[in-house]
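*Asks:* One structure, as structure tokens, below. Some questions next.
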Amino acid sequence: MHLSLRQLATFREVMRSGSISQAARTVGRTQPAVSTMMRTLEDQLGFALFMRTHGKLTPTPEARFFLEECEEILERVERTERTLERISTLQSGKLQVACHPAASSVFLPQLMTRFLEKRDDLDVSLIMRSSDVIEDLIASQQFDVGFSETPEPRASLQQTDYDLECVCVLPADDPLATAEVITPADLHGRPLAALFDEHATAIQTEAAFRAAGRSFNKRLELRTFLPGLQFVAAGACAMVCDMITAYSHLLQAPDGSKLAIRRFRPRISNSVSILTPGYITQSLVGRAFIADLQSAVDRMQADLEDVLDSRSAVG
């Protein structure tokens with residue numbers, strides 16, 4: 001037995017209207033076509049659905065039972081169609097994002113807030129993890145999108161890499177804030193905040209001071225750059241930090257935390273990547289979020305270029 005959804009929907013309209021002609025108008029078919037469809041349906045089912053007396057249809061008990069089944073089937077199909085429509089328009093679905101600490105407090109939450117606007121049925125999971133953990137979460141397909149420091153390439157990952165430069169963050173009233181570019185010579189012997197010794201930015205920064213023959217005075221060792229902004233604002237140190245942390249301050253600019261953001265040379269690299277699983281096709285909502293994330297990274301670089309070119313205090 002191969003019943004079609006059109007047969008079920010037409011039968012439902014005949015039952016609702018009690019009339020072949022009215023049902024035909026509702027479903028947009030001719031009266032003879034609907035009559036033929038009902039007879040074919042009865043032949044397929046093997047029992048009568050209607051008693052036909054003097055041109056009047058009277059549903060049989062079997063028809064009323066069959067209607068309940070049709071209603072359930074058609075309601076499920078219509079609900080599925082609505083769900084698929086919402087998925088296709090990015091109104092519904094699930095998105096799991098893992099983010100490294102630098103972007104987790106301001107940058108990604110602000111982006112995600114904009115992404116969720118008018119998407120009330122979209123479920124999102126956002127967690128903060130270290131970059132090496134994020135790499136494994138994405139490679140094992142436990143999360144849809146990762147945003148982390150750039151890992152070594154591997155087949156189980158797809159990645160879009162961004163080679164971002166680090167910037168120097170100073171108190172806004174620091175005499176160095178008038179300079180266009182800060183160098184190791186400018187920071188010779190000054191107290192600095194930096195990440196732990198094994199981190200790539202700490203290695204590069206200390207090497208830059210050593211190559212210039214200048215003293216690298218790491219007063220504060222941090223796991224992430226974000227708390228360093230508070231130390232800099234309080235005048236306890238200066239900091240050569242990643243671009244995302246500096247941009248987070250630019251986005252928030254809290255009262256009483258005035259900072260100056262300047263270029264640092266030689267260039268200190270902090271590469272970040274958008275990661276997705278290597279062996280699966282990304283969902284529509286995942287692809288849309290990645291496009292927004294790529295635009296946000298591009299916008300961040302452009303905004304910070306404007307700040308660095310203007311040499312103005314931020315906060």
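The values are calculated or read from the model by the stated rules, or taken from the named source; none is laboratory data. If you're wondering where the values come from, they're calculated on a predicted model, not measured in any experiment. Counting neighbours? That spans all protein chains shown, and the Cβs are built from the backbone with ideal geometry, glycine included. These accessible areas exclude ligands, DNA and RNA; they are computed on the full protein's heavy atoms, side chains included. Shrake-Rupley method; radii C 1.70, N 1.55, O 1.52, S 1.80 Å.
*Asks:* What lysines does K258 reach when the alpha-carbon gap must be under 26 Å and sequence neighbours fewer than 8 apart in one chain are set aside?
*Replies:* Result set, ordered by chain and number: K218.
*Asks:* Moving to a separate point now. Check cross-link reach from K118 to the lysines: straight Cα distance under 17 Å, and skip same-chain residues fewer than eight apart.
*Replies:* Those lysines meeting the cut-off are K94.
*Asks:* If you count, for each residue, the other Cβ atoms within 10 Å and average over each peptide, how do 38-47, 105-114 line up from highest to lowest?
*Replies:* By packing density, highest mean first, the sequence is 105-114, 38-47.
*Asks:* Taking springs between alpha-carbon atoms closer than 10 angstrom, which of P227, P61, P175 fluctuates most in the Gaussian network model of the chain?
*Replies:* Answer for the Gaussian network model of the chain: P61.
*Asks:* How big is the dipole moment of the range 107-146 about its Cα centre under a simple scheme where the beta carbon of each Lys and Arg is +1, that of each Asp and Glu is -1, and everything else is neutral? Debye, nearest 20, please.
*Replies:* 180
*Asks:* Whole-Hz Karplus ³J(HN,Hα) for the range 26-32, in order, using 6.51 cos²θ - 1.76 cosθ + 1.60 and θ = phi - 60°, x for Gly and Pro?
*Replies:* Each residue's phi maps through the Karplus curve to give 5, 8, x, 10, 7, 4, x Hz.
*Asks:* For the range 6-58, list log₁₀ I(q)/I(0) at each q in 0.13, 0.18, 0.28, 0.29 Å⁻¹, using the Debye formula over Cα point scatterers of equal strength and ignoring solvent, two decimals each.
*Replies:* -0.25, -0.50, -1.22, -1.29
*Asks:* Using Cα springs under 10 Å in a Gaussian network model of the chain, which residue among T80, T160, T201 shows the largest mean-square fluctuation?
*Replies:* So, out of T80, T160, T201, the one fluctuating most is T80.
*Asks:* Next question, about the same structure. Quickly rank 267-277, 117-127 as a protection proxy: mean count of other C-beta atoms within 10 Å, highest first.
*Replies:* In descending order of packing, they fall as 267-277, 117-127.
*Asks:* Please find, in a Gaussian network model of the chain (springs between Cα atoms separated by less than 10 Å), the residue of R16, R219, R263 whose mean-square fluctuation is greatest.
*Replies:* With Cα springs under 10 Å in the chain, the top fluctuation among R16, R219, R263 is at R16.
*Asks:* Can you give me the solvent accessible area of K218 with a 1.4 Å probe, rounded to the nearest 10 Å²?
*Replies:* 60
*Asks:* Quick one: work out the % antiparallel among DSSP beta bridges in the chain, nearest 5.
*Replies:* Here the share of antiparallel DSSP bridges comes out near 55 percent.
*Asks:* Probe of 1.4 angstrom, ligands and nucleic acids ignored: what's the accessible area per residue over the chain, in square angstrom?
*Replies:* I get 51 Å² per residue for the chain.
*Asks:* Let me ask something else. Can you give me the Kirkwood hydrodynamic radius for the range 191-315, using every pair of distinct Cα atoms, in Å to one decimal?
*Replies:* Taking every pair of different Cα atoms in the range 191-315, averaging 1/r and inverting gives 16.3 Å.
*Asks:* Rounding to the nearest 20 debye, state how big the charge dipole of the range 86-186 is about its Cα centre with +1 on each Lys and Arg Cβ and -1 on each Asp and Glu Cβ.
*Replies:* Charge dipole of the range 86-186: 700 debye, to the nearest 20.
*Asks:* Taking N as the number of residues in the chain, what is its alpha-carbon radius of gyration divided by 2.2 N^0.38 Å?
*Replies:* Values: Rg = 31.9 Å, N = 315, 2.2 N^0.38 = 19.6 Å.
Expressed relative to 2.2 N^0.38 Å, the Cα Rg reads 1.63.
*Asks:* Hull surface divided by four, with the convex hull built on the Cα atoms of the range 131-179: how many nm²?
*Replies:* For the range 131-179, the mean projected area of the Cα convex hull comes to 5.1 nm².
*Asks:* A further question follows. Under a plain spin-label model, where a point goes 7 Å from the Cα along Cα-to-Cβ, how far apart in nm are V77 and L5?
*Replies:* With each label placed 7 Å out from Cα toward Cβ, I get 0.5 nm.
*Asks:* On the accessible surface of the range 38-185, probed at 1.4 Å, how many percent belong to carbon and sulfur atoms? Intermediate values should be presented prior to the final figure.
*Replies:* Details: 4110 of 8200 Å².
On the range 38-185, the fraction of accessible area on carbon and sulfur atoms equals 50 percent.
*Asks:* Same structure, new question: Pairwise over distinct Cα atoms, reciprocal of the mean inverse distance: report the Kirkwood radius of the range 146-213 in Å, one decimal place.
*Replies:* Radius from the Kirkwood sum: 14.7 Å.
*Asks:* Starting from the Cα gyration tensor of the range 1-139, multiply each eigenvalue by 5, take the square root, and state the resulting semi-axes largest first in whole Å.
*Replies:* Ellipsoid half-lengths, sorted descending, are 54, 15, 11 Å.
*Asks:* Further question on the same structure: Can you list the residues, at least 5 places off or on another chain, whose amide H is less than 5 Å from the amide H of L164, using H built in the peptide plane?
*Replies:* N270, S271, V272
*Asks:* From the phi angles alone, apply the Karplus equation (6.51, -1.76, 1.60; θ = phi - 60°) to the range 36-53 and give each ³J(HN,Hα) in whole Hz, x where the residue is Gly or Pro.
*Replies:* Going residue by residue, I get 4, 5, 5, 5, 4, 4, 4, 4, 5, 6, x, 8, 7, 9, 9, 9, 10, 10 Hz, with x marking Gly and Pro.
*Asks:* When the accessible area of the range 200-249 is computed with all protein chains present and a 1.4 Å probe, what percentage of it is carbon and sulfur?
*Replies:* 50
*Asks:* Which peptide among 146-155, 293-302 comes first, and what is the full order, when sorted by highest mean count of other Cβ atoms within 10 Å?
*Replies:* Values: 146-155: 17.5, 293-302: 15.6.
Ranked by mean Cβ neighbours within 10 Å, highest first: 146-155, 293-302.
*Asks:* Rounded to the nearest 20 debye, what is the charge dipole size of the range 1-148 about its Cα centre when +1 sits on each Lys and Arg Cβ and -1 on each Asp and Glu Cβ?
*Replies:* With only Lys, Arg, Asp and Glu charged at Cβ, the dipole is about 800 debye.
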